[in-house]
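The values are calculated or read from the model by the stated rules, or taken from the named source; none is laboratory data. The structure presented is a predicted model; accordingly, all values stated were derived computationally and were not measured. Here the Cβ positions follow ideal geometry from the backbone for every residue, glycine too, while neighbour counts run over all protein chains shown.
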Amino acid sequence: MEVKAEIFQNRIVLTAIGNTVTVQSKEPFTTTRLLVGTFMPAVDCMKEGLAKVGATGIFKMKPKLLIYPRAMTEGGLSEIEERCLLEVGYSAGAGKVEVHV
């Protein structure tokens, strides 16, 4: 299954097979300088979204996750920011992760 994840400040919008889910983070993951400034709240938010969109669960293959940062991307992403987004995806249970700017 392929899942599109649009990351905004402290919320993630996931779309898979025509189903769209918006997940607001319980704890803020965005800081004044970074879209993902605190790692675990971002992972928890992504996990919740993947479960709600039906991409994860028992007997399901790990989804392919396409991440689109939609805020705080002026001038592009640094290598560190891109790596952080990749790690958020893999930590949330994706089998393959791609970051698109």
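Taking residue 41 as meeting all but one of (1) part of a helix (DSSP H, G or I); (2) under 13 Å from residue 93 (Cα atoms), write down the number of the exception.
Only one criterion in (1) part of a helix (DSSP H, G or I); (2) under 13 Å from residue 93 (Cα atoms) is unmet by residue 41, namely (2).
For segment 1-23, give me each residue that is of a type in the set (Val, Ile, Thr) and within 13 Å of residue 68 (Cβ to Cβ).
3, 7, 12, 13, 15
Which condition number does residue 59 fail, the rest of (1) closer than 14 Å to residue 92 by Cα; (2) surrounded by fewer than 13 Cβ atoms within 10 Å (Cβ to Cβ) being met?
So residue 59 meets the others, but not (1).
Out of 27, 74, 79, 48, report the one residue that is within 13 Å of residue 11 (Cα to Cα), free of Cβ contacts under 8 Å to residues at least 40 places away in the same chain, surrounded by fewer than 16 Cβ atoms within 10 Å (Cβ to Cβ) and acidic (Asp, Glu). Spell out the reasoning first.
Numbers: 74 fails: within 13 Å of residue 11 (Cα to Cα); 79 fails: within 13 Å of residue 11 (Cα to Cα); 48 fails: surrounded by fewer than 16 Cβ atoms within 10 Å (Cβ to Cβ).
Checking each option against the conditions leaves just 27.
Does residue 65 satisfy the condition of being surrounded by 14 or more Cβ atoms within 10 Å (Cβ to Cβ), of a type in the set (A, V, I, L, M, F, W, C), touching a Gly at 6+ places or on another chain (Cβ under 6 Å) and at pLDDT 95 or above?
The answer is yes for residue 65.
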